[in-house]
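Below: the structure, in structure tokens.
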């Protein structure tokens, strides 16, 4: 298990380093001068060059990258060109909003996805199965921003049950959470149903039923555990998608999260803030996949034993 963990952690670190290098070099060759944007068109060339020198932007790109990466691993992502605040503090404030939204949405997605998937598998071929899967297909097909707008029109503008935008009250998170979570709940439900159908037809399930065990215990204890591998795969990747996919929902509901922060940074060509935002997305995704790999090994030891043994 230790060798398995070390290997996966090293792979994750390698991916993060590659993404950081690609991000830095690509952003630095994109047309546009961030210094000119900062100082304005009225500034003379001498002022522009002085500001560029003070910011270290006149040094070779590889040297800039080495300096930026060395600071990044200590948590220092630099200072925003436009807001004159540290990128870490700006992302920290915005991440709090995004984490709440993504966390609530993920809990809804996981809870509804598992329950709906299990029920659909248990009632396979009957009307509950057909109804639940039809709803799942609809939720997968409907874009999240469209669902968000419909929820705003119905529950915020017409019924006035929830705020239209902002984060002033806890109720402001209800509509964004539903809009974000439904799509991922549908995906988890479909995978859960498929995985459970394969397990329910196994001999050990019929043996457990013949022993007189309760139906609920058979499904949850014997069935769900053996169906977890594909569910973990989808549920794990959905977590990363929710943290990154929440950016669009935040824009629809005017929430001051990572979405608004990154959009403003892109429009202003605020390179340190863009780089920090990209690394945020990369670290979230890589971290989630690392956790998924570890959960694979915990749920099914054959994965780590077989993989390491073959090597």
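The values are calculated or read from the model by the stated rules, or taken from the named source; none is laboratory data. Because the structure is a prediction, the values reported are computed rather than measured. Don't worry about glycine lacking a Cβ; one is built from the backbone with ideal geometry, like all the others, and counts go over all protein chains shown.
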Inset, instruction - Please work out which one of (1) in a helix (DSSP H, G or I); (2) modelled with pLDDT of 70 or more; (3) more than 22 Å from residue 289 (Cβ to Cβ) is the condition residue 48 fails and give its number. - result: (2)
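Does residue 163 satisfy the criteria of being part of a helix (DSSP H, G or I) and more than 20 Å from residue 233 (Cβ to Cβ)?
Values: part of a helix (DSSP H, G or I): no; more than 20 Å from residue 233 (Cβ to Cβ): yes.
In short, no.
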Legend entry - Number of positions in the stretch 144-181 that are without any contact (Cβ under 8 Å) to a residue 40 or more places away in the chain, surrounded by fewer than 16 Cβ atoms within 10 Å (Cβ to Cβ) and closer than 30 Å to residue 191 by Cα: 2
Inset, instruction - Scan the stretch 280-296 for residues that are more than 14 Å from residue 241 (Cα to Cα) and touching a helix residue (DSSP H, G or I) at 6+ places or on another chain (Cβ under 6 Å) and report the count. - result: 4
Legend entry - Any hit, the stretch 121-137, residues being crowded, with 18+ Cβ neighbours inside 10 Å and either touching a strand residue (DSSP E or B) at 6+ places or on another chain (Cβ under 8 Å) or within 25 Å of residue 244 (Cα to Cα) (or both): yes
Inset, instruction - Go through (1) closer than 30 Å to residue 191 by Cβ; (2) buried (at least 19 other Cβ atoms within 10 Å of the Cβ); (3) at pLDDT below 85 one by one and return the number of the condition residue 101 breaks. - result: (3)
